[in-house]
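The values are calculated or read from the model by the stated rules, or taken from the named source; none is laboratory data. In this text, all values refer to a predicted model and were calculated from it rather than measured experimentally. Cβ atoms come from the backbone with ideal geometry, glycine included; neighbour counts cover every protein chain shown. To get the accessible areas, we keep the full protein, side chains included, count just its heavy atoms, and leave off ligands, DNA and RNA. Shrake-Rupley method; radii C 1.70, N 1.55, O 1.52, S 1.80 Å.
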Amino acid sequence: MIVTDPVKQHELLSDTLAFEDPRAFKVKSLGELLRALGVFRLCSFPALVNNCGKLMSVARTLLGKRGFSLLLRPTVYAQFVAGENEAEISQSMQKMSLQGMRPMLAVPIEEDLGESTGEKRYDDNMDTMLECVRMSHSNAWSKDPMMQLKITALLSPELCVKLTNIIRQQPYDLNLLIRSMDGEPISFPGLDEKEAAHLRSGLLRLNKIAEASVNKVRVLVDAEYTYMNPALSLVAMAMMKKFNKDGTWIWNTYQCYLKDSRSLLLDALSLSKNEGFCLGVKLVRGAYMDKERKLAMKEGHQDPIHQSWEDTNDSYNGCLDLMLDVISQEPERYRIIVATHNEESVRRAVKRMEELGIERDGGSVCFGQLLGMCDHVSLTLAKEGYLVYKSVPYGSVDETLPYLVRRAQENHTVLQGIRKERDLLRKELNRRLRLSLRGGKHCI
């Protein structure tokens, strides 16, 4: 029966977005249900999550490379990684596409202080990202695809930290970076010639990726740590000014657990208006809380993180409302991906979209979650006609292991709070078993 009464439609949507219906998992095979239940059960133990890097290192030593791969591939790897080669990735993505979701491929390469390698490695990383652009665009499952980009995979973290310190005292003009992207031998205030040469090389790498992705793939620049974020945002804004004149192809990430997140977002909105470029926003709560707090305490700085979970929620919701308001006025110039596993924020976004008349599938607002997690939210949103992206890492077990360990440790509170998804998976499994015992038609 088709419901035409707007009030009834609203009530039905509200019931659906309680995310309490285990039938969201009807699209999952029995093997996928059992694997998710097993992996999520392991993730519910803090000791396992917090020490997963050490435990995996021990397991790899005891089992050897082949034995370790045989253990991980059908379990943790299969839950959170799309595959190793293009054929495996395509198979995973086609299944996701049939479920109404879209890919946001994530190359699992990144660096922090003390891990810098050299220009050859950064050039290799660029080639890997260019291949990610090609793969995202060329496959049938790629409808308005996205990909994630970590600037520290192309530019040394040490330089990003130095650049952050410089621009806090002496802001750079965006045109300076754009001219460098275009190949001019620019000198940068505060950098010596070796540092300036590395920055020029990094900007050329980023320029190649942006040129390859414009009108094909939306590139979402990841935020990282506060001691380098201003430099990352500077580069992202320069890329936006150059490539986002007629569409939102380069995006930046805003971490709402930071006390200054709203002011940073307001600055970005003002800059995009003054400089005449489209702004894409990936809105997250943030994943580096423990490290940020320890660093602030060690160096005697003010804690940059909100004091409470409630304050972070208020920050996220405030930034969300701000973006939805500007999108409702100029949907062709502003876009947001509501990247969260928080059900209340998802419901808030949906309600506000309804109030402001923002189309579910218009493209200016979409939702994002990690592959293998929060599927009860992702699948429900997709079924209701909203645009949903899953962040999809790919690569071999060895390539993705450091990435998975970091994500597990950064998202440990999320991993330990997946009881609801586990309960819904169990209910769906029990429902199928009951149907099977009664001779039902559902094929387990």
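Count the DSSP beta bridges whose two residues both fall in the chain, then state the antiparallel fraction as a percent rounded to the nearest 5.
Values: 1 of 34 bridges.
Antiparallel bridges: around 5 percent, rounded to the nearest 5.
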Dimensionless Rg over Rh [the chain; C-alpha; Kirkwood]
0.96
Using a probe radius of 1.4 Å on heavy atoms only, what accessible surface per residue do you get for the chain? Whole Å² is fine.
46
Quick one: grab the alpha carbon gyration tensor of the stretch 82-179, order the square roots of its eigenvalues as a ≥ b ≥ c, and give me rounded if a/c is under 1.5, else prolate or oblate depending on whether a/b is larger than b/c.
prolate
Gaussian network model of the chain, Cα within-10 Å springs - most flexible of 103, 22, 393:
22
For a quick check, take a GNM of the chain with Cα springs below 10 Å and name the residue from 427, 383, 120 with the largest mean-square fluctuation.
120
Whole angstrom only: what separates the Cα centroid of the stretch 324-345 from the Cα centroid of the stretch 220-262?
16
Top of 210, 140, 339 by mean-square fluctuation, Gaussian network on the chain, Cα under 10 Å
140
Crossing angle, helix 157-169 versus the chain [Cα axis fit, 0-90 degrees, rounded to tens]
60
Can you grab the distance from the C-alpha centre of the stretch 359-405 to the C-alpha centre of the stretch 283-302, Å, no decimals?
26
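Nothing charged except the Cβ atoms of Lys and Arg (+1) and of Asp and Glu (-1): what's the magnitude of the dipole of the stretch 122-275 about its Cα centre? Round to the nearest 20 debye.
440
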